[in-house]
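Okay, so here's the structure we're looking at.
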Amino acid sequence: LNETVRAVETLQSLKAHSAALEMLLDLIDQLPGAELPFNLYVAVLLRRSENVMEKFQLISPIFRQDPAYISKYTLEMLYPLKGFELVQTHDGLVDPYLVLSLIRQESAFNERARSPAGAMGLMQLMPGTARRIERKAVKRLLFDPTINVRVGVKFFSHLLNRFGGKSELALAAYNAGPDRVDEWLKRYPVKDPVLFLDLIPFRETRDYVASIARNFYFYQRLYPRPNGPLRVPKSESLFSVFLLPS
């Protein structure tokens, strides 16, 4: 394993990142049983190769096995600001940290991600949804990060407006569809957003919203905003709990 790591270091120093990543992906299959510091260093090498998904999969078990490895540096590896400049161009519609939190959950920042159902790109948009939001957003363009984020933010902003700015409802609708959320609101007329989240009958959607809330919390904590909060969820939203004072 050490020989492979040294080869990866050499390739990265030569800017041969594609070859280095190929070796790292082969190395991951050999990591079970390796010491935690070694696994963490492999995650660092993955970070240098701009690989995100496998890096996430390596770091999370390390934290579970030994919380002493949790630090600002390792948390920044787990919650990267990848693509923040692109996301920030749409801060007039949706809080950029909330968009990053959604992208992290949907695609792990993989621009070429495609789900079994056909959702595409960073924000995992269905082609039909994209066409309703923006006619020129044809299927082949959804792997373009600029187009995907622009259309995805428009769609999420539409959901936020539909559900009164409550981010947990907009996220539930992003995952399960707005009509289902309307149905759940009629079935469970409760005001407490945490209770409502607990009552959502789809476990996938409950976990989805909770995971993005977690992501949002860590983005807020790790990366203080230089100019204070931007457009933020409404005060009655579950996500308002995670907003830090400007």
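The values are calculated or read from the model by the stated rules, or taken from the named source; none is laboratory data. In this text the structure is predicted, and so the values were computed from the model without any measurement. So basically every Cβ, Gly included, is an ideal-geometry build from the backbone, and we count neighbours across all protein chains shown. Remember, those area values only see protein heavy atoms, side chains included, never the ligands or the DNA or RNA. Shrake-Rupley method; radii C 1.70, N 1.55, O 1.52, S 1.80 Å.
Scanning the stretch 59-71 for residues that are part of a helix (DSSP H, G or I) and either among the charged types (D, E, K, R) or more than 25 Å from Ser101 (Cα to Cα) (or both) returns a single hit, Arg64.
Of all residue pairs spaced 6 or more apart or on separate chains, those with beta-carbon atoms under 7 Å, a first member in the stretch 151-175 that is closer than 17 Å to Pro193 by Cα and a second member that is open to solvent by 30 Å² or more (accessible area, probe 1.4 Å) and outside any helix (DSSP H, G or I) are Gly164/Lys234; Gly165/Lys234; Lys166/Lys234; Lys166/Glu236. Within the set Glu22, Glu35, Glu3, Glu50, the sole residue that is in contact with a helix residue (DSSP H, G or I) (Cβ under 8 Å, 6 or more places away or on another chain) and among the acidic types (Asp, Glu) turns out to be Glu50. Of the set (1) at pLDDT 95 or above; (2) over 29 Å from Glu54 (Cβ atoms), all apply to Met123 but (2).
Could you say whether any residue in the stretch 7-15 is touching a helix residue (DSSP H, G or I) at 6+ places or on another chain (Cβ under 8 Å) and within 20 Å of Ser107 (Cβ to Cβ)? No, the stretch 7-15 contains no residue that is touching a helix residue (DSSP H, G or I) at 6+ places or on another chain (Cβ under 8 Å) and within 20 Å of Ser107 (Cβ to Cβ). In this structure, is Thr4 of a type in the set (Val, Ile, Thr), out of contact with any strand residue (DSSP E or B) (no Cβ under 9 Å at 6 or more places or on another chain), part of a helix (DSSP H, G or I) and open to solvent by less than 50 Å² (accessible area, probe 1.4 Å)? Considered against the rule, which asks whether it is of a type in the set (Val, Ile, Thr), out of contact with any strand residue (DSSP E or B) (no Cβ under 9 Å at 6 or more places or on another chain), part of a helix (DSSP H, G or I) and open to solvent by less than 50 Å² (accessible area, probe 1.4 Å), Thr4 comes out as yes.
Of all the listed residues (Leu31, Leu102), the sole one being in a loop (DSSP other than H, G, I, E, B) and under 27 Å from Asn215 (Cα atoms) is Leu31.
The residues of the stretch 98-118 that are out of contact with any Pro (no Cβ under 9 Å at 6 or more places or on another chain) and open to solvent by less than 20 Å² (accessible area, probe 1.4 Å), listed by number, are Val99, Ser101, Leu102, Ile103, Ser107, Ala108, Ala113. When Met23 is tested against (1) in a helix (DSSP H, G or I); (2) farther than 25 Å from Thr146 by Cβ; (3) open to solvent by less than 40 Å² (accessible area, probe 1.4 Å), only condition (3) is not met.
Here Thr89 passes the criteria (1) surrounded by fewer than 21 Cβ atoms within 10 Å (Cβ to Cβ); (2) farther than 17 Å from Lys154 by Cβ; (3) not acidic (Asp, Glu) except the one numbered (2). Could you list all residues from the stretch 72-86 that are open to solvent by less than 50 Å² (accessible area, probe 1.4 Å), closer than 15 Å to Val44 by Cα and not in a loop (DSSP other than H, G, I, E, B)? Those that are open to solvent by less than 50 Å² (accessible area, probe 1.4 Å), closer than 15 Å to Val44 by Cα and not in a loop (DSSP other than H, G, I, E, B): Thr74, Leu75, Glu76, Met77, Leu78. Checking each residue in the stretch 35-58 for being exposed (fewer than 14 other Cβ atoms within 10 Å of the Cβ) and part of a loop (DSSP other than H, G, I, E, B) picks out Glu35, Glu50.
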